[in-house]
Amino acid sequence: MVERLAELVRAGVPIRGVRLTVRELFVARIERGPLGPREVSEAVESMVRAACRLVRDLDAPDELVETVCRATLEAVRGHGGETARWFPEATSAAYVVLDELATGSGGNARWRWIARHLSQWA
């Protein structure tokens, strides 16, 4: 996931394109096999960590983290069926990652703000 996001950032893809690509990647992951709440949460966690890493390592705009969080949660809720039932777990996973990274060294205070507003999205 980090590589794919990095390609988008380096190519200067507009944030809307990033959002659509993240949703597509996440839905593709969901459709690869039956997922439970743990797998959905782990996939969300992976996406959020990838976005935060790019903001730190490639100096990508902070907006990338919010976009990835929104797109990932939209994909969970919008996919429907079993997956949509795990929206609370997915939101919680994103919150934990953002809070952890905002607290750690090199963290970003905006990530904590994003974490607090996750439940209002999607």
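In this structure, Glu82 and Gln120 have a Cβ-Cβ separation that, at R0 = 30 Å, corresponds to a calculated FRET efficiency of about 0.80. Between Ala60 and Val55, the built amide H atoms are under 5 Å apart, and every one of these is 5 or more places off in sequence or on another chain. About its Cα centre, the dipole of the chain is roughly 180 debye, where the only charges are +1 on Lys and Arg Cβ and -1 on Asp and Glu Cβ.
Bear in mind that the values in this text are calculations on the coordinates, not laboratory data. Here the structure is a predicted model, which means the values were calculated and not measured. Please note: Cβ atoms are built from the backbone with ideal geometry, for glycine as well, and neighbour counts cover all protein chains shown.
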